[in-house]
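Worksheet: the structure to be examined is printed underneath.
The values are calculated or read from the model by the stated rules, or taken from the named source; none is laboratory data. On a predicted model such as this, the values are computed, not experimentally measured, just so you know. So basically every Cβ, Gly included, is an ideal-geometry build from the backbone, and we count neighbours across all protein chains shown. These accessible areas exclude ligands, DNA and RNA; they are computed on the full protein's heavy atoms, side chains included. Shrake-Rupley method; radii C 1.70, N 1.55, O 1.52, S 1.80 Å.
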Amino acid sequence: MKTILEHRIFYDGNLLLNEFLHDWILVAILGLVSGLAIAFQLWYHADVKKLRLFTIDAKADKVVFIMDVSNSMKNKKKLETCKKSLIESLKVLKTKAFYQVIFFNNRAWFADQGEQIWRKASQENIEKTVESINLVETDSNDDWDRPITMAMELDPPPKIIEFLTDGIKPEGKLLADGIIALRNRVNNETKINTIAFMVPQAAPPLYRIAKKTGGTHTLFLSDGTVLNKEAELRVYLEKEGIQLIF
């Protein structure tokens, strides 16, 4: 039989061991949480050029960037990520190129609130546009038709439209076909590149618009994954129970 002293030593030893294990597990959990938080911050503050939100063709001389600023984009990090990527995209345009930036929610407007004309990609013009981008805030719901119409009404029509949204559209195919028909009436050579930003459910109609206009579709996930190949996009969406619209 163990003496009282031996029992006491055994009890104290187990107590110390349990306290040590408890502290170690707590430190490990805190370290994991801290690591994930740091990784998340690094992702958001990483070089936005690597995000590739907008598919820029170096040869394009008339590009319209259309960005959703509805309430679904209200998350500050989400909005700031798009703003930074848009600004970087403007800065890589050739000086001989022309551009426009359109924001939309339940209405649509040019970034600099100016006339419906092409802007030369000069340093001065881009700096003014960047000021407007930095000031824009989110509001209301989103309407896809108006910004596309504004873009196609530019004279001459754009060669490329970059369309970014996180909007989910239950009437997806009907909406997509209306936009495709508008594009075909005005200029059937305009490519519409579409970006579904962090919302996989937004992908089907956007994919259809891109496919039918000779553009590319990109699904940008919240973990930083970029899906822009049809096969991988289809596999991912099917796992999520989402069907592409062809």
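Given the structure, is Thr194 within 11 Å of the chain's Cα centre (by Cα) and closer than 18 Å to Lys173 by Cα?
On the way: within 11 Å of the chain's Cα centre (by Cα): yes; closer than 18 Å to Lys173 by Cα: yes.
Yes.
Which numbered condition trips up Thr218, out of (1) surrounded by fewer than 16 Cβ atoms within 10 Å (Cβ to Cβ); (2) in contact with a strand residue (DSSP E or B) (Cβ under 6 Å, 6 or more places away or on another chain); (3) in contact (Cβ under 8 Å) with a residue 40 or more places away in the chain?
Of everything listed in (1) surrounded by fewer than 16 Cβ atoms within 10 Å (Cβ to Cβ); (2) in contact with a strand residue (DSSP E or B) (Cβ under 6 Å, 6 or more places away or on another chain); (3) in contact (Cβ under 8 Å) with a residue 40 or more places away in the chain, Thr218 misses just condition (1).
Among the residues of the range 229-246, which ones are surrounded by 13 or more Cβ atoms within 10 Å (Cβ to Cβ) and in contact (Cβ under 8 Å) with a residue 24 or more places away in the chain?
Answer for the range 229-246, where residues must be surrounded by 13 or more Cβ atoms within 10 Å (Cβ to Cβ) and in contact (Cβ under 8 Å) with a residue 24 or more places away in the chain: Leu233, Tyr236, Leu237, Ile242, Leu244, Ile245.
Of everything in the range 151-193, what is among the polar types (S, T, N, Q) and either farther than 23 Å from Leu227 by Cα or assigned to a helix (DSSP H, G or I) (or both)? Give them in sequence order.
Asn184, Asn187, Asn188
List the pairs whose first member sits in the range 98-110 and is over 13 Å from Asp139 (Cα atoms), whose second member is among the polar types (S, T, N, Q) and surrounded by 20 or more Cβ atoms within 10 Å (Cβ to Cβ), and whose Cβ atoms are under 7 Å apart, counting only residues at least 6 apart or on separate chains?
Val101/Thr129; Phe110/Gln100
Could you go through the range 194-212 and let me know if any residue there is open to solvent by 50 Å² or more (accessible area, probe 1.4 Å), assigned to a helix (DSSP H, G or I) and in contact with a Ser or Thr (Cβ under 9 Å, 6 or more places away or on another chain).
Within the range 194-212, not a single residue is open to solvent by 50 Å² or more (accessible area, probe 1.4 Å), assigned to a helix (DSSP H, G or I) and in contact with a Ser or Thr (Cβ under 9 Å, 6 or more places away or on another chain).
Looking at the range 111-128, is at least one residue basic (Lys, Arg) and under 17 Å from the mean Cα position of the chain (by Cα)?
No - not one qualifying residue is present in the range 111-128.
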